[in-house]
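Please treat every number below as a calculation from the coordinates, not as lab data. None of the values given here were measured: they were computed from a predicted structure. Neighbour counts are summed over all protein chains in view; Cβ atoms, including those assigned to glycine, are modelled from backbone coordinates with ideal geometry.
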Amino acid sequence: MGPHTRKPELLAPAGGWSQLQAAVRFGADAVYLALDRFGMRARAENFALDDMPRVMEYCRSHGVKVAVALNTLMDDGDMEMLPSYLEPLARCGVDRLILGDMGAFALARQAVPDAELCVSTQASVMNAAAARQWYGLGARRIVCAREMSLDAIARMRRQVPDDLQLEAFAHGAMCVAYSGRCLLSSVMTGRSGNKGACAQSCRWSYALVEEQRPGEFFPIQEDQRGTYVLNSQDLNMIAHLDAMAAAGIDSLKIEGRNKQAFYVATVVGAYRSVLDGGSVEAAQRELCTISHRPYGTGFYFGPAGQSVQRDGYIREWVHAATVEDCEPAAPGLWRATVLCHNRFAPDDVLETVSPGRPAQAFRPGPLLWHGPTEGERPFVERGPLTLDEVRSQSALQPAAVANRSKEHYVFECSCELHPGDFLRREE
């Protein structure tokens, strides 16, 4: 960061337990998550109310704050059920609540008086008058509308109370609809994006059909598959964190509660590195190793870009495995036990993704598979097992390739690994 700017908070998504642990381990200052209702990512693993005391204990032990998103559009039925969620959150001492509905905001202010109330981007706050009005109602943080430029955010910052925090997205998927309030998914599939169940209809291929020529399609661009006129680029502001801080943004938010732990770890690690003075170029390289759409800077410096030439993601690297144990095997040699996610072999070059350390490349030694003992069902059929359970119920067997997802493999390697590290392989 520059010498005259305040370092913003790094706020990471936690779609489930593995993502929560990755966000904390890789340097998030705070996490945001959702429960089984009222969150904008219904397809994420999410958390049960009964999980929240454990979540709070884990995050407090690491000095990380927790925000719970309750920011879907709410009908009368939702409002009747909301108190049964707010009361347990008050008891476990949740740090923040993210809300977009004014009625829900009023209930939360009464039921969870010790929590910071944050106004969701769903509320489309993009002027100082609206921000001040929310502040008067008890809001202590505004999540800026995604349509705001950095200049507009800086102007808002100068016109709102000093203790009203501003949060803004720094990385992740962008929605084509205004502040995410989309009816396209609901109309086309019956899945309401405003209730957290978006089908991403805007990412589909579209073409023109002339009324007098039914069945004859006219691509809008010269692409025989159609065009992707609503397909937003992914946001990537890693090269502009000083500018975001200078605009008065207090919290940099990473989108991605539908993403896996490998994604969360990589993105959080990259932004943590730059916030702490690391190389922007190295962090940018890290961000290109995760699955992503073409990157852009959203609305911060002008109109947002669209990826009209292609659908889907750029996938140049895959998450090969997660390290569960590593111990010295010989001088300069370590023996690692990993959980396989995608295929890898001894002749592949793997890279480490580890907090606070640059990536290291190595080739895994001969592979051993933790196969179930005779008469036992495969582990994948029995659900998640601890490493100790796997070891006690398996026999190590030579394997030419690691290709059993969610099962354990052992190999020797030339670099020390750490439990919780991720291993990636170039496609």
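By the scheme Lys and Arg +1, Asp and Glu -1, what is the net charge of all other residues having a beta-carbon under 12 Å from that of ALA12? Net charge in that neighbourhood comes out at +3.
Think of each Lys and Arg Cβ as +1 and each Asp and Glu Cβ as -1; about the Cα centre, that makes the dipole of the range 317-426 roughly 220 debye. Near LEU275, within a Cβ-to-Cβ distance under 14 Å, what is the net charge of the other residues, with Lys and Arg +1 and Asp and Glu -1? Local charge sum for LEU275: -2. Computed on the range 317-426, with alpha-carbon pairs under 8 angstrom and 6+ residues apart, the relative contact order is 46 percent.
A straight chain from VAL280 to ALA329 at 0.36 nm per residue would run longer than the Cα-Cα distance by 14.1 nm. Placing dummy labels 7 Å off each Cα toward the beta-carbon, the span from ALA361 to SER61 is 3.8 nm. Percentage of Cα-Cα pair distances in the range 317-426 greater than 22 Å, rounded to whole percent? Above the 22 Å cut-off, the range 317-426 has 26 percent of its Cα pairs. Sorting the segments 343-353, 75-85, 266-276 by their mean number of nearby beta carbons within 10 angstrom, highest to lowest, gives 266-276, 343-353, 75-85. Taking other residues whose beta carbon is less than 12 angstrom from the beta carbon of ALA28, and scoring Lys, Arg as +1 and Asp, Glu as -1, yields +2. Taking the Cα atoms of the range 1-155, the ratio Rg/Rh between the radius of gyration and the Kirkwood radius comes to 0.96. Each peptide in 23-32, 389-398, 144-153, 92-101 gets a packing score, the mean of other Cβ atoms within 10 Å over its residues, and the list from highest to lowest is 23-32, 92-101, 144-153, 389-398.
Express in whole angstrom the spacing between the alpha-carbon centres of the range 348-373 and the range 106-167. Each part reduced to its Cα centre gives a spacing of 44 Å. In terms of other Cβ atoms within 10 Å, ILE238, ILE142 run from fewest to most in the order ILE238, ILE142.
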